[in-house]
Amino acid sequence: MKNRKMLLTVLIMFTILGMGGCAFVTIDLMSLMRIPSMHERVLYKGTDGKVLVVEILGLITTTGVRQMFSSQEGTYERLDAILNIADKDPSIKAMVIKIDSPGGSVTASDLVYRRIVDFKTKKKIPAVACITNMGASGAYMIALSADRIVALPTSMVGNVGVFIPFISFQGLMDMLGVRDETIASGKYKVAGSPKKDMTEEDKAIYKAIIDEMYADFMAKVKKNRPAMTDEDIKIVGDGRVMAANTAVSYHAIDEVGYYENAVKSVEKLAGITNPTVVVYRRDGEKQGGFYSWP
């Protein structure tokens with residue numbers, strides 16, 4: 001409905017302009033960029049309080065992109081909007097964090113992790129993460145905010161760590177006779193520029209940043225996965241991605257199962273039976289069930 005309305009508006013504009021008369025049409029471009037309202041949708045109607053499903057899907061970002069005919073929310077931006085509404089609902093007794101993401105920004109992942117921890121602590125409710133297809137890198141960091149992690153049998157989890165991609169075109173530039181004549185304020189201002197090879201000093205600067213971020217990630221792992229042995233931590237911390245059954249053996253997750261297992265787990269933790277399961281979706285997004293994308 002939203003897309004048809006948008007298309008109709010554009011067609012009317014071109015029709016009027018093509019008539020060659022003196023008619024004018026005003027299009028409220030801001031309204032086309034505006035994010036629709038968020039509403040609660042019931043996935044399952046029960047009798048004992050509510051379980052809120054929050055969705056961490058796709059690349060993890062902080063804020064979204066606003067374009068002329070579309071608007072896309074950032075991961076943290078959307079989560080924050082959902083939890084601001086959910087915070088006012090006293091009937092929410094537990095939370096399931098649905099995760100299907102390869103990771104993303106370190107900052108965004110950390111913000112989402114902290115926002116979920118703060119929310120469930122304030123409301124005094126438990127949370128269970130349910131990894132559907134992938135919960136890797138920053139998405140696994142977010143899963144650590146839950147009290148228990150369930151992953152589908154075919155899902156991939158882990159990939160703990162941080163990286164910054166670099167590439168150098170200096171060799172190609174030398175072959176083409178192209179010289180870099182960048183003027184910078186300090187010797188390290190252009191460290192990591194693709195126009196020149198990195199020096200050992202350049203690499204050391206970025207390695208220190210990576211090490212600091214990695215230490216924070218591993219601190220979250222150790223805090224939230226107390227069953228991990230030193231050997232588990234060594235293996236999980238080397239950056240490998242794991243299938244669900246392997247992840248259980250290293251205590252990276254608690255259970256191999258499905259959505260139903262995640263709901264049963266969170267019911268047990270919350271001490272509730274037969275709760276209503278809800279999700280927040282915006283106008284124009286798919287109705288769908290647990291496994292659908294908005």
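The values are calculated or read from the model by the stated rules, or taken from the named source; none is laboratory data. Because the structure is a prediction, the values reported are computed rather than measured. As a convention, Cβ positions derive from the backbone with ideal geometry for all residues, glycine included, and neighbour counts pool all protein chains shown. Keep in mind that these areas ignore ligands, DNA and RNA; they rest on the heavy atoms of the full protein, side chains included. Shrake-Rupley method; radii C 1.70, N 1.55, O 1.52, S 1.80 Å.
Of the options (1) 18.6; (2) 22.0; (3) 19.9, only one is Kirkwood radius over Cα pairs in Å as computed from these coordinates, and that is (2).
Could you give the length gained on full extension between GLU200 and ASP80, defined as 0.36 nm per residue of separation minus the Cα-Cα distance, in nm? Intermediate values should be presented prior to the final figure.
Details: separation 120, 0.36 × 120 = 43.20 nm, distance 4.09 nm.
Going from the current span to full extension adds 39.1 nm.
Less than 5 angstrom separates the built amide H of ALA136 from those of SER101, GLY103, all sequence-distant by 5 or more or on a different chain. Accessible surface for the chain, divided over its residues, is 56 Å² per residue with a 1.4 Å probe.
Of the options ALA143, ASN84, GLY46, report the single residue whose Cα projects farthest towards the positive end of the charge dipole of the chain (beta-carbon charges: Lys, Arg +1; Asp, Glu -1). Of the candidates, GLY46 comes out farthest on the positive side. Derived value for the stretch 225-286: Kirkwood hydrodynamic radius 14.4 Å. Basis is the mean of 1/r over every pair of different alpha-carbon atoms. Working note: Karplus 6.51/-1.76/1.60 with θ = phi - 60° gives the stretch 231-242 the couplings 5, 4, 4, 4, 6, 5, x, 7, x, 6, 9, 10 Hz, where Gly and Pro are set to x. Annotation: amide H of LEU43 within the under-5 Å range of VAL277, VAL278, VAL279, sequence separation 5 or more or interchain, hydrogens built in the peptide plane. Derived scalar couplings between HN and Hα for the stretch 132-141 equal 8, 10, 8, x, 10, 6, x, 5, 5, 4 Hz in order, rounded to whole Hz, by the Karplus curve 6.51 cos²θ - 1.76 cosθ + 1.60 (θ = phi - 60°), x for Gly and Pro.
Sorted by average packing, counted as other Cβ atoms within 10 angstrom per residue and highest first, what order do 283-289, 39-45, 241-247 take?
On the way: 283-289: 12.0, 39-45: 13.7, 241-247: 18.6.
Those peptides, ordered most packed to least, come out 241-247, 39-45, 283-289.
Just the protein heavy atoms count here, and of the accessible area of the chain at 1.4 Å, carbon and sulfur take up 58 percent. Once backbone amide H atoms are built at 1.01 Å from N, VAL241 has ASN159 as its partners under 5 Å, excluding neighbours fewer than 5 places away on the same chain. Between THR47 and ASN274, the simple spin-label model (points 7 angstrom out along Cα→Cβ) gives 0.3 nm.
Residues in the stretch 173-183 carry Karplus couplings, in order, of 4, 4, 5, 8, x, 9, 10, 8, 10, 4, 9 Hz; the curve used is 6.51 cos²θ - 1.76 cosθ + 1.60 with θ = phi - 60°, and Gly or Pro positions show x.
Can you give me the relative contact order of the stretch 74-226 as a percent, contacts being Cα pairs under 8 Å and 6 or more apart?
Values: 199 pairs, mean separation 30.0, N = 153.
Over the stretch 74-226, the number comes to 20 percent.
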